[in-house]
Amino acid sequence: MKMTAQEFLDWKTKHITLLAMSGAGKTTLADKLPKSKWYHYSGDYRIGTKYLKEPILDNIKRHAMSVPFLRELLRSDSLYIKSKISFDNLTAVSSYLGKLGDPSKGGLSLEEFKHRQNLHRHAEIEAMKDVPNFIHNAEDIYGYNHFINDAGGSVCELDCPEALEILAKNTIIIYIKIPPELEQTIIDRAKSDPKPLYYREAFLDEKLAQYLKLKNYSSTDQMPPDEFVTWVFPELFKSRIPRYEAIAQQYGYTVDGNDVANVATEEDFIALIAAALAKQTG
């Protein structure tokens, strides 16, 4: 959605999508908006509670079945398992996505890993397509004036113009550009605490081939699960930047991460967005 700064300021029901790499401050920024006025939509939360709900539970049950005590309770229907997913705790979603590598060390086979990656891609696409309906319900049912979509860091990887066009039609897309001085901090943080991630299949195939050759592994089953995630993250980071920038150029606007860090109030947030619109439409 394109508009002038003044049109944005006059817009009585503001709908905004935040787009950025994990660690850029999307969720922190959204949390600074008053919850009495802003409906907070999390793409990752929607994925975990709707589109991957059953696969996540099945994965938990599969692990529980490997414990004899729990297996008997599950088989006799004496135990109820439920994942506890919240905006602040999406561990169940990332644990399902998993890491590629040695199964004896908790890794996934290449076939299973790609299967889960594909499920996640489709789930994220559907979660973004759900945004218009949630905008309507947020206002019609709950009476919220404004809507903020905290999109997942992998939205730029989906290669789904339809999903982006839906977001652009119904929201102002704001890309948070990470300043150079913060890039290495995010990379170092990811290396110290490697987490499961979504990769475009073409990117995964290319980088995996390079990695196996570099490490002289004959198959992914020889890989320590954390090792590949740590090695590939800087490459993933670099590959996503031009994708974010292309989305912002075609569909939205860009704000600087340093400016985002200075936002303390709703008024600061509105001023930040208005300044970006004024600069990039003028």
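Before moving on, here are some points about what is shown:
- Checked against the criterion of being surrounded by 16 or more Cβ atoms within 10 Å (Cβ to Cβ) and either touching a helix residue (DSSP H, G or I) at 6+ places or on another chain (Cβ under 9 Å) or within 30 Å of Leu100 (Cα to Cα) (or both), the candidates Glu245, Glu227 yield just one match: Glu227.
- Reported count of residues in the stretch 181-199, each being over 18 Å from the mean Cα position of the chain (by Cα), surrounded by fewer than 13 Cβ atoms within 10 Å (Cβ to Cβ) and of a type outside the set (Val, Ile, Thr), is 4.
- Condition check for Lys50: assigned to a helix (DSSP H, G or I), within 30 Å of Thr171 (Cβ to Cβ) and of a type in the set (Lys, Arg): yes
- Among (1) over 20 Å from Asp221 (Cα atoms); (2) exposed (fewer than 13 other Cβ atoms within 10 Å of the Cβ), the one test that Pro103 misses: (1)
Condition check ((1) buried (at least 17 other Cβ atoms within 10 Å of the Cβ); (2) touching a strand residue (DSSP E or B) at 6+ places or on another chain (Cβ under 9 Å)) across all residues:
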residue	(1), (2)
Phe237	yes, no
Val255	yes, yes
Ala261	no, no
Asp268	no, no
Ala275	no, yes
Ala278	no, no
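Residue by residue, here is whether (1) within 17 Å of Arg243 (Cα to Cα); (2) of a type in the set (D, E, K, R); (3) within 19 Å of the chain's Cα centre (by Cα) holds:
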| position | (1), (2), (3) |
| --- | --- |
| Gly106 | no, no, no |
| Ala123 | no, no, yes |
| Asn149 | no, no, yes |
| Glu157 | yes, yes, yes |
| Ile176 | yes, no, yes |
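- Residue among Leu236, Leu272, Leu212, Leu197 that alone is among the aliphatic types (A, V, I, L, M) and touching an Asp or Glu at 6+ places or on another chain (Cβ under 8 Å): Leu272
- Selected residue (only one of Ser192, Ser109 is out of contact with any Leu (no Cβ under 6 Å at 6 or more places or on another chain), modelled with pLDDT of 95 or more and over 28 Å from Lys2 (Cβ atoms)): Ser109
- Taken over the stretch 61-87, the residue count meeting the criterion of being within 21 Å of Tyr45 (Cβ to Cβ) and touching a Leu at 6+ places or on another chain (Cβ under 8 Å) is 3.
The values are calculated or read from the model by the stated rules, or taken from the named source; none is laboratory data. Because the structure is a prediction, the values reported are computed rather than measured. Here Cβ is always computed from backbone atoms with ideal geometry, including for glycine, and neighbour counts include all displayed protein chains.
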